[in-house]
Amino acid sequence: MAKRYLIANWKMNLPPEGVESYLANVGGADPRDVTLVVAPPFPYLKHVSGCGEGMCVAAQNCSDHESGAFTGEVAPSMLRDCGADYVILGHSERRNLFSETDALIARKLSLAISKGLKPVLCIGEDLRVREADQVARFLADQIKATAVPELETAEEVILAYEPIWAIGTGRNASGAMVAETILDIRHALERFWPAKFAQTSIIYGGSVTPDNTPDLVEKGTIDGFLVGGASLDSRKFLAIHAGLR
Ligand code: PEP
């Protein structure tokens with residue numbers, strides 16, 4: 001069985017209840033067989049990794065360069081120094097707002113793996129692709145484009161299926177739709193990635209809340225969630241965790 005994850009993507013926000021209180025609440029929970037991960041903005045990584053007992057830490061992005069004249073960028077090795085275990089790559093906000101291409105994401109993936117970060121690679125279609133019934137092909141292309149040689153040595157890569165039309169919109173995919181898409185993703189992984197990833201963890205993201213968690217987990221194919229908005233409230237985040245049976 002694949003490892004299960006619940007990842008809080010704070011984006012460029014802090015929890016309204018305060019970082020200390022949030023970490024105390026989430027860190028105090030029994031994670032059961034779910035790895036709890038918090039992805040704060042870069043300046044808070046060290047603090048979260050120092051305080052967040054029982055939690056792992058993820059960066060929300062990294063550079064595709066090891067060092068040098070790249071003002072405003074942060075190298076994977078620096079993220080490791082600040083306590084990051086994981087790095088989110090290819091988030092749709094990075095792809096759409098910061099024009100990240102599959103080629104750039106593939107370079108980031110290679111470097112992150114080689115520096116010991118565990119990538120959480122986001123893939124997902126927009127509404128136009130979904131309505132044109134091209135989802136399987138679109139996701140297979142994203143997976144093929146990130147089939148980098150470093151995958152052979154990677155200890156762990158988590159796939160996050162995040163349909164763009166469901167992120168931050170309050171409109172989530174149904175459990176049945178996600179289960180079907182996860183099968184498509186597994187077929188593409190079999191075709192394009194090393195065999196060891198056939199059973200890698202595939203999590204879902206897109207307007208997950210405590211209310212829609214039961215429908216999403218019902219089919220039993222989701223290995224966890226990447227949560228944005230609802231992850232900023234420790235009570236909601238823990239309620240989603242409780243629903244991940
Ligand atoms: C995300 O940031 O990856 C995300 C899924 O956000 P939200 O839960 O707010 O849709």
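The values are calculated or read from the model by the stated rules, or taken from the named source; none is laboratory data. Just so it is clear, the model here is predicted, and its values are computed rather than measured. Every residue, glycine among them, receives a Cβ derived from its backbone with ideal geometry; neighbour counts consider all protein chains shown. Keep in mind that these areas ignore ligands, DNA and RNA; they rest on the heavy atoms of the full protein, side chains included. Shrake-Rupley method; radii C 1.70, N 1.55, O 1.52, S 1.80 Å.
One table, with the values for the structure above:
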| item | result |
| --- | --- |
| Length-normalised contact order for the chain - Cα pairs under 8 Å, 6+ apart - percent | 21 percent |
| Computed over region 1-46: relative contact order in percent, which uses C-alpha pairs under 8 Å that are six or more apart | 62 percent |
| Restraint check, LYS3/LYS46; LYS108/LYS219; LYS3/LYS196; LYS11/LYS196; LYS108/LYS144; LYS46/LYS108, Cα-Cα greater than 23 Å | LYS3/LYS46; LYS108/LYS219; LYS11/LYS196 |
| Per residue accessible area in Å² of the chain, where ligands, DNA and RNA are left out and the probe is 1.4 Å | 45 Å² |
| Selection of trypsin sites (Lys or Arg not before Pro), region 1-109, meeting DSSP coil and at most 13 other Cβ within 10 Å | ARG32 |
| Cα-centred dipole magnitude for region 86-245, charges only on beta-carbon of K, R (+1) and D, E (-1), debye, nearest 20 | 260 debye |
| Euclidean distance between Cα centres, region 57-120 to region 226-245, Å | 25 Å |
| Selection from HIS47, ALA75, SER21, by position along the positive dipole direction of region 1-81 (Cβ) | SER21 |
| Mean separation of Cα contacts under 8 Å, 6 or more apart, over the residue count of region 113-166: relative contact order % | 62 percent |
| Isotropically averaged projected area of region 21-157, using the convex hull of Cα atoms (one quarter of hull area), nm² | 9.8 nm² |
| Fraction of the pair-distance distribution of the chain above 24 Å, Cα-Cα pairs, percent | 41 percent |
| Carbon and sulfur %, accessible surface of the chain computed with the full protein complex present, 1.4 Å | 51 percent |
| Shape of region 119-174, Cα gyration tensor, a/c cut at 1.5 | oblate |
| Under Karplus coefficients 6.51, -1.76 and 1.60, residue-wise ³J(HN,Hα) of region 6-19 in Hz, glycine/proline x | 10, 10, 9, 9, 6, 6, 9, 9, 10, x, x, 6, x, 5 |
| Net lengthening on full extension, THR209/ALA103 (0.36 nm per residue, minus Cα-Cα) | 34.9 nm |
